[in-house]
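The values are calculated or read from the model by the stated rules, or taken from the named source; none is laboratory data. What you see is a predicted model, and the numbers here were worked out from it, not measured in a lab. For neighbour counting, all protein chains shown are included, and Cβ atoms are generated from backbone atoms with ideal geometry for every residue, glycine included.
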Amino acid sequence: MTETSTFSAAECLLRTYEEQHDIEAFQKGVPRWCDGCGDNAILASIQRLCRDEGLRPEKTVFVSGIGCSSRLPHYMKTYGFHGIHGRALPIAEGVRMARPDLNVFVNTGDGDCCSIGTAHWIHAIRYNMNMTVMVHDNLIYGLTKMQVSPTTPQGLKTNTTPTGAYLEALQPLTVTLGVQNVSFVAQVVDWIPEVLYDVLLAAHRHRGLSFIRIVQRCPEFLPRLLDPWVRDPKTVLMLNHERGLQISPELAGVYTNRLEHDPLDINRAREIASETEVIPVGILYHNPAVPCYEETRRNGQLHSPELVGRGLAAQMDKFTIWPDDGAAQDA
Amino acid sequence: MSMKLQANVAHYLNGRTRGPGLEAVEGLGLRPALMAHYRDLSELRYDYPLLLVDSTDRDPWAISLSALFDSLTAPEDRGEVSSRRHTALRLEREIRRAALADGGGRLATLLAEAVARLSEGADETVRGDLEALQSAVQLDGPLVDCDGDLPGRLVRQSWQRVEARKAHLTWRAIERLTRKLSDILRADEANSGAGQEKDRLESSFGNSFRSDFDFGAMSNLLTTARPASTLPDERRERIRRLLHVLRAQRFFATPEAHDGTGGQDMEPYSFVFTSSDEAVKAYRARLPELSELAKAMMMADLEVDGAYRAEVHDHLFEQGIDDPATDALGLTRFPSYLVVLPAGRLPASEIGPLFQELAAGLPIKVLLQTDDISGPPQWGNGDEPDGPDGLDVRHVTGAAMSLSSVYVLQTTSSHMYRARDHVRRAMGFSGPALLGVFSGAGGVMGDLPPYLVAAAAMESRVFPTFVYDPTAGPGWASRCDVRDNPQAELDWPVHELAYEDDRLQRHAQPVAFTAADFLACDARNAVYLARVPADKWNGGLAPVADVVAEEAHGMPEKVPYLLMVDPSGGVHRVLASRHLTESAREYRARWHVVRELGGVRNSFAERQVAEARAQWEAERALEVEALPPQTVTPTVVAEEAADGEVAEGVTAPSPDEPRIDTTRCSSCNECILINDRMFQYDGNKQAFIADLSAGTYAEMVLAAERCQVAVIHPGKPINPDEPGLEDLLKRAEQFL
């Protein structure tokens, strides 16, 4: 084949008339999160993304594990899978392999992803399958009423650590950036919805696994914990770059603490992710050249019932004892 | 003028007149001096014979015998003369000899025979090397020499490769669509009353637990309790219609038909023709069917994706869209038509249909081959004029280039292996392609093999090679590529000719290979040549290249000659008459045109560059003059607005005015829960003040206090009589 254009005006015309959906088309039920919960901001941005990107509800699936964050699929009028604790990612990987035509989103929390689901998290990054993963990190187990989570700051008193959390908190970004095949890592905060939306958009358009840590307030159990960062814009470090995020002039007037950061520079990304004084917000790492697992594994064969049947039969035959040294098999 | 000079001049002017001191060349077996080393091709390593690889799905699709054997020993053995390398070269030569002697054959057979011959009486090491080499050759196919059949075979091989790939992809798409559509119907049927009958349910169950179930009760339950959700009749009918079109297509052979294990109801179409008229008739006759298939694929694609909307798409498919069979995607998806015209000039009856097809952009690949281009020159012209018997290949390719959207390749059979990527691109090009090839197999060049004739035609600019690729760029220089011609920047390629004189002293001199050298190989042109014995060589003679380089204003100052060699290697000066010299001049002029089209020494470009440079220099001079002495250019430094400063042009909001920084709202619901008429969400689900009068100032202040991200600013109350205002204003102060 030559590298000539394969543009088909007819095909584009036909697709022009695809149904458009407004934001209500993606809303389902009244969210049962606590008043003021940061999950509301995440949900609003996701619904906005679905509308703006013209996603079709029947071609979109949200997968979650267990926790406050994982209730999100209930509030989306799309396909959803409220999975089991820590297993959102393997379920999403299965969906991706079986239905590559679907837009796959994963909503997980700091406990779901970084504690019981850690093994799946590490390998999901390495597999780099095309999906958008949002870690709603509110630094606490909220659904079970304030137990310590892997990202709880050291010294914070919780119901399971009444004298303060013993260990230094796990940093999801530095862990993710240390895994081979990582292709997209970003951090946002729920109280800057404009950036939250922009990062979600970039993540969705990225071909590969997009990992977004969303630092999120828990007004019920940690009402004042993040106030220093919420109230003082200087404590937020905005990452800006022509290949990354470009914040609006309005936002630039508020968030003046900005850093020009090339998202292809993984070493610098690791340094930024290790910051503790300020919260870096934006795209830390983005490498579109990393191959997706499902594409490297595709053999081009149509998964017909006959093909699956032949494969199963071949597997079963391994355990079959053939009389007469295989005469029956040959027959 | 002396008598000997008179004889030279007379021969130059007339050709047929040979005065005293000049000898006829017939029977001397002369050939151009630069071809002295190329006698027995079987002793040389070069691009032929060529292996046309059998497999249609692996690369390479064609490889020269030399390249194949290089790949067997490369790279570690090539650097030194190892035993294995030596054996490989012997084996290669043995195969080449056999292939040239027998007119080809299959590689595996020739290889086995050559190994057997060389193994006889060989020592253990050589036999081991031979066996290792034989087992290392993984490719097989016919070995073809550079002869009259080569262009057709090579083009057909490349076309088949491209079409096989295309057919594979499109057939897979058809198969996928067919299966998905069938699945929709099957699911519909399983959901229907018939699909939930007792027997059907029973037959869909395994044997082990069949007796444990009451399938009658299950059928009753399913048919009465479940709501019916079958496909609309219109959609079911549409899917059936699409399936029929996809299954009845004849443009691609099914894999079963390929394997011989099954077949299509109808024989697949053939796409190979020997006449462009026949090809275009077949194309037009099949076009409605092709359009139906293309539309069916598009409809099926929408259907399986659940995106088909009858109220919109029915109308579009009936009359609203361009024919998908002929748009850019269709051209890369459906078969192209290969036309292999009989060798020779393009017949007059084919000229019209061919150019109509090319101009119309039909997916057609045409091979136009010629075996003879060196006939007796006509007056003032390099070759025979185009007459009622047809057009010369070079004129056809030249005219096709002017159509601008046709992929054109002109080359010789000797160069086809090197140009194989161009051949493949021509076959894969989505529009029409024209290949003009000179084979050198006309049999009019004495004992010269076709490979040497074809190579000489290209070397002498009589049949230059070029490619015109419409996708390579916007202009001629990028689309037209002439770089494959040797020493393209010169009028003629120049090589060093080394020889020894009567006293066995070595001499070397640069010699140009001109069009006259090529024409001199043709026995029909022997009348225009006359040998000058060595004792008659004088200062009145000059190489043809020098004479042609002069401006043609009447009689040249010196009589042109060619350097030629006889079979024993003796060098001769042979006078070339005006007919050959003028032909060479004409070919040189044509070469200049082709070369300029390819951007090599393009006079227009050079003129433009010169003019632009002169203009730039003049402008710079004016700017320098206009500068005052010791002017320092001020540096403009862009500085960001200081923290907290309000950018110019942006009006700071009044603290008295109630407002919400909507873009910063985190959609936390707090304000909405307080008063959902006063506060509402916008299209992005972010809050704004919808109706200030719908609530109290107390609610406004409470919302500001509860707002998680502090984006609500209560401003001043609109009702001065609201109770408790003093306290409320104090609470609101921190949010103003």
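Using the structure shown, decide if A:GLY36 is at positive phi, more than 13 Å from chain B (Cβ to nearest Cβ), of a type in the set (Gly, Ala, Ser) and not in a strand (DSSP E or B). No. Within segment A:203-237, the set of residues being assigned to a strand (DSSP E or B) and touching a strand residue (DSSP E or B) at 6+ places or on another chain (Cβ under 8 Å) comprises A:LEU209, A:SER210, A:PHE211, A:ILE212, A:ARG213, A:ILE214, A:VAL215, A:VAL236, A:LEU237. Taken over segment A:233-250, the criterion of being among the acidic types (Asp, Glu) and within 8 Å of chain B (Cβ to nearest Cβ) is satisfied by A:GLU250 alone. Checked against (1) surrounded by 15 or more Cβ atoms within 10 Å (Cβ to Cβ); (2) part of a loop (DSSP other than H, G, I, E, B); (3) touching a strand residue (DSSP E or B) at 6+ places or on another chain (Cβ under 8 Å); (4) not aromatic (Phe, Trp, Tyr), B:LEU497 passes all but a single condition, namely (2).
Note on segment B:207-231: residues that are of a type outside the set (Val, Ile, Thr), in a loop (DSSP other than H, G, I, E, B) and surrounded by 10 or more Cβ atoms within 10 Å (Cβ to Cβ) amount to 4. The set of residues in segment B:532-545 that are modelled with pLDDT under 90 and either within 50 Å of the chain's Cα centre (by Cα) or surrounded by 18 or more Cβ atoms within 10 Å (Cβ to Cβ) (or both) comprises B:VAL532, B:LEU541.
The set of residues in segment A:251-267 being free of Cβ contacts under 8 Å to residues at least 40 places away in the same chain and either within 30 Å of B:PRO653 (Cα to Cα) or within 14 Å of chain B (Cβ to nearest Cβ) (or both) consists of A:ALA252, A:GLY253, A:VAL254, A:THR256, A:ASN257, A:ARG258, A:LEU259, A:GLU260.
Residues satisfying the criterion are present in segment B:534-546 (criterion: within 21 Å of B:PRO464 (Cβ to Cβ) and hydrophobic (A, V, I, L, M, F, W, C)). Screening B:SER204 against (1) out of contact with any Leu (no Cβ under 6 Å at 6 or more places or on another chain); (2) surrounded by 18 or more Cβ atoms within 10 Å (Cβ to Cβ) leaves a single unmet condition, (2). Each residue in segment A:47-91 was checked for being in contact with a helix residue (DSSP H, G or I) (Cβ under 7 Å, 6 or more places away or on another chain) and assigned to a helix (DSSP H, G or I), and 13 of them qualify. Selection within segment B:333-358: residues that are in a helix (DSSP H, G or I) and within 17 Å of B:PHE429 (Cα to Cα). The member of this set that is nearest to the other protein chains (Cβ to nearest Cβ) is B:ARG333. Screening B:GLY330 with (1) within 14 Å of chain A (Cβ to nearest Cβ); (2) over 26 Å from the mean Cα position of the chain (by Cα) gives one miss only, at (2). Residues in segment A:305-322 include at least one that is away from chain B (no Cβ under 14 Å), assigned to a helix (DSSP H, G or I), among the acidic types (Asp, Glu) and farther than 27 Å from A:ALA124 by Cβ.
When segment A:187-222 is filtered for residues that are facing chain B (nearest Cβ under 10 Å) and closer than 18 Å to A:GLY109 by Cβ, the ones remaining, listed by number, are A:VAL189, A:ASP190, A:TRP191, A:LEU196, A:GLN216, A:ARG217, A:PRO219. For B:ARG241, the test of being at pLDDT 90 or above and either out of contact with any Pro (no Cβ under 8 Å at 6 or more places or on another chain) or of a type in the set (Asp, Glu) (or both) is passed. B:ILE364 fulfils the conditions (1) closer than 19 Å to B:THR170 by Cα; (2) within 14 Å of chain A (Cβ to nearest Cβ) except for a single criterion, (2).
Of the helices (runs of 4 or more DSSP H) lying entirely inside segment B:43-145, those carrying at least 2 residues that are acidic (Asp, Glu) and surrounded by fewer than 16 Cβ atoms within 10 Å (Cβ to Cβ) are B:124-136. Restricting B:ARG200, B:ARG235 to those that are assigned by TED's automatic domain parsing to the domain that holds B:LEU181, at negative phi and in a helix (DSSP H, G or I) reduces the list to B:ARG235. Screening segment A:7-29 for residues that are more than 9 Å from chain B (Cβ to nearest Cβ) and part of a loop (DSSP other than H, G, I, E, B) and picking the one that is farthest from the chain's Cα centre (by Cα) gives A:GLN20.
Taken together, the criteria place B:ALA325 among residues that are at pLDDT below 85, in contact with a helix residue (DSSP H, G or I) (Cβ under 8 Å, 6 or more places away or on another chain) and not in a helix (DSSP H, G or I).
The set of residues from segment A:285-317 being surrounded by 13 or more Cβ atoms within 10 Å (Cβ to Cβ), touching a Pro at 6+ places or on another chain (Cβ under 9 Å) and more than 30 Å from A:SER274 (Cβ to Cβ) comprises A:GLU294, A:GLU295. When the helices (runs of 4 or more DSSP H) confined to segment B:665-736 are screened for residues that are closer than 30 Å to A:CYS50 by Cα, those reaching at least 1 such residues are found at B:670-674, B:697-706.
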